[in-house]
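Data block below; observations after.
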Amino acid sequence: MASAFDDVTRQFLKRNYDVFDRDKIGRVPLADLITLLQICGATPSQSDVESWKIEADPDGRGSMNFDGFCRVMMIAFQNMKTAKDLKNAFQGIDPDGKGFLSQHELRYYLTRYGDCLSTEEMNEFVEEMRSEMDMEGNFVYSDLVYKMIHEMFH
């Protein structure tokens, strides 16, 4: 599966994988999967990662080899969220089509649906995205999407 990536990508993935192969036995604990995916540029949800663990570790050993990691990385890249996906998600919780969400609305949805954010994570999110608020404290989601995409890939 590692051969599905070009040489530069494969080297990048291997270099990061090797950091997590602490015992240098060619295996990385599944507990490190989400962190490793994120370091390599993927943006998986916790539920995505849970469903991908079988792909990474078909033997059920609790760890994955490099090929297993590459299989999951390929799936993660294919399932990555785009700016359009994020904007559509925000539009879905903006039934009036105002183009913005109040802090209360955003907090309500992000702490109750999907991969819910904890109160601490939500507070951190609001703080990081404060610059995207308008004068009334609403989040203009086209600006929010731009900043979120920028943060995901930098």
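Residues in the stretch 46-58 that are out of contact with any helix residue (DSSP H, G or I) (no Cβ under 9 Å at 6 or more places or on another chain) and assigned to a loop (DSSP other than H, G, I, E, B): there are none. Scanning the stretch 1-45 for residues that are of a type outside the set (Lys, Arg), under 15 Å from ALA56 (Cβ atoms) and not in a helix (DSSP H, G or I) returns MET1, ASP21, GLY26, VAL28, PRO29, CYS40, ALA42, PRO44.
Taking into account only those residues within the stretch 80-138 that are of a type in the set (Val, Ile, Thr) and part of a helix (DSSP H, G or I), which is farthest from MET148 (Cα to Cα)? Break it down stepwise before answering.
Restricting attention to the stretch 80-138, the residues satisfying the condition of being of a type in the set (Val, Ile, Thr) are 82, 93, 111, 119, 126.
Now restrict to residues that are part of a helix (DSSP H, G or I): 119, 126.
On the way: THR119: 19, VAL126: 12 Å.
Among residues in the stretch 80-138 that are of a type in the set (Val, Ile, Thr) and part of a helix (DSSP H, G or I), the one farthest from MET148 (Cα to Cα) is THR119.
You will find that of ALA56, ALA42, ALA4, the residue that is more than 30 Å from GLU124 (Cβ to Cβ), in contact (Cβ under 8 Å) with a residue 12 or more places away in the chain and among the aliphatic types (A, V, I, L, M) is ALA4 and no other.
A single entry from ASP57, ASP67 fulfils the requirement of being among the charged types (D, E, K, R) and buried (at least 16 other Cβ atoms within 10 Å of the Cβ): ASP57.
FYI, it's all coordinate maths here, none of it is from the lab. Since this is a predicted model, take the numbers as computed values, not measurements. For neighbour counting, all protein chains shown are included, and Cβ atoms are generated from backbone atoms with ideal geometry for every residue, glycine included.
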